[in-house]
Amino acid sequence: MMSQAVADRYPALLDRASRLRDQGKGRILSFSPKVFLPLTQLCRDVCGYCVFRQPPGRLRSPYMSPEEVLAVAREGEKRGCREALLVLGERPEQRYPEARRWLSRQGFDSTIEYLESICRMLLRETSLYPHSNAGTLVPSELDSLKEVNVSLGLMLESSSPRLCDPGGPHEHAPSKHPQARLDTLSAAGKLNIPVTTGLLVGIGETARERTEALQLIGELHQRYGHIQEVIIQNFRAKKATPMRWANELSTPETLQTVAEARVILGPEMNIQVPPNLSGSTREAGYLEFLGAGINDWGGISPVTIDHVNPEAPWPHLAQLRRQVEGRDFRLRARFPLYPEFIRRKDNSLPAALRNRLEADADAEGFVPQPELEPLWEGRPC
Ligand code: SF4
């Protein structure tokens, strides 16, 4: 499946990455059966590639209501989903009076306060486990969210401050300054919060900067041991964004970055590539990444679209299983906390949440069989 051009260019790197994956993870490829909840698409910042962010006039309401969240979560439950992925724009109340008014009417001072109450409701009312991507956070916010999330997500995206210069994709997004992201990731480490991070590749950074960003993530993990997963996500140029004409990273360059991630971060790290963004889903271009050392496909949903990349459908689960089994891997559903982190006793999970996860997981720490496919049949995944 590996294209000849890539195999010719980086054979030693790819081979090493694959062997490290096999050494640390065996032949298991995991994914997280999830529902994607865009709690608010308002955002204080403006990134040059983003279609998730919407102005208030385009939204029926500034935030999803608790009832709307529950309706989607319950649909996911019926299909065997275990993750409630909550995705939010950055602190919309700092920019939009509509957001401030809505929060105030519900009795909240901030988006993060509202998020915490939604996570608490999901834990109380459903069998899903919250994993929030809430942007940059200060220690007191991290402290409150760790009580109601099994892990948090914050992409480093890039280590290059150049991207914040005039004309760059992050010129109008102060939360995307690498130091702001590193500060949040470090603060999460000090609190022992399991965190998913990663790179958004192809937004104007150089190959050397991609390597540097991976090294920074590696240093953070060495210091705190809290990085549970690193995503290599490729930028996709979207209509109606300032970067609609920008070149996307080539597949060989993306493969090189994925393999470097495995080599730099080692055999034990979980390395994810989203299959709906990697080459054509129809032609299963994502399978090339098996040869670059990945061991995870991230979240896949039978209920909700990828609201960050709405044009990119998830692969069909039964097809994905056949494809990876055809390459001598086992496909396993996981929780939004990886098995090795469920086993760890020193992370930030409250006892009740840890007990619940331990009771829900099988002996290997994954979502127990039986297979999900019968529950997903006929769903638009
Ligand atoms: S990528 Fe995130 S921070 Fe940037 S504009 Fe979109 S929602 Fe806001």
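Here, each number is a calculation from the coordinates, and none is a lab measurement. From a predicted model like this one, the values you see are computed outputs, not experimental measurements. A quick note on method: Cβ atoms are made from the backbone with ideal geometry, for glycine too, and the neighbour counts reach across all protein chains shown.
Backbone phi angles across region 177-192, fed through the Karplus curve with coefficients 6.51, -1.76 and 1.60 (θ = phi - 60°), yield HN-Hα couplings of 4, x, 5, 5, 5, 5, 4, 5, 4, 5, 4, 5, x, 4, 8, 6 Hz in residue order; Gly and Pro are listed as x. When the GluC sites (Glu not before Pro) in region 231-297 are filtered for DSSP coil states and for at most 14 other beta-carbon atoms within 10 Å of their beta-carbon, the remaining sites are 268, 283.
Residue exposure proxy: 245, 376, 314, ordered by other Cβ atoms within 10 angstrom of their Cβ from fewest to most, comes out as 245, 376, 314. Classify the chain as rounded, prolate or oblate, taking a ≥ b ≥ c as the square roots of the eigenvalues of its Cα gyration tensor: rounded when a/c is under 1.5, otherwise prolate if a/b is larger than b/c and oblate if not. Here the chain falls in the rounded category. Decide, for region 235-319, between rounded, prolate and oblate: order the square roots of the alpha carbon gyration tensor eigenvalues as a ≥ b ≥ c, take rounded if a/c falls under 1.5, and otherwise choose prolate if a/b is larger than b/c, else oblate. Since a/c reaches 1.5 but b/c is at least a/b, the shape of region 235-319 is classed as oblate. Think of each Lys and Arg Cβ as +1 and each Asp and Glu Cβ as -1; about the Cα centre, that makes the dipole of the chain roughly 300 debye.
Can you give the local net charge around residue 23? Use residues other than it whose beta-carbon is closer than 13 angstrom to its beta-carbon, Lys and Arg +1, Asp and Glu -1. Cβ neighbours under 13 Å give a net charge of +3.
What does the charge count around residue 131 come to, taking other residues whose C-beta lies under 11 Å from its C-beta (Lys +1, Arg +1, Asp -1, Glu -1)? So the surrounding residues net to 0.
Other residues within the sphere of radius under 12 Å centred on the Cβ of residue 298, judged by their own Cβ, net out at -2 (K and R +1, D and E -1). Qualifying trypsin sites (Lys or Arg not before Pro) in region 1-94, where qualification requires a DSSP coil assignment and no more than 11 other C-beta atoms within 10 Å, comprise 60.
Counting only DSSP beta bridges with both residues in the chain, the antiparallel share comes to about 5 percent. The count of lysine pairs in region 4-374 with alpha-carbon distances below 23 Å, taking only pairs 8 or more places apart or on different chains, stands at 11.
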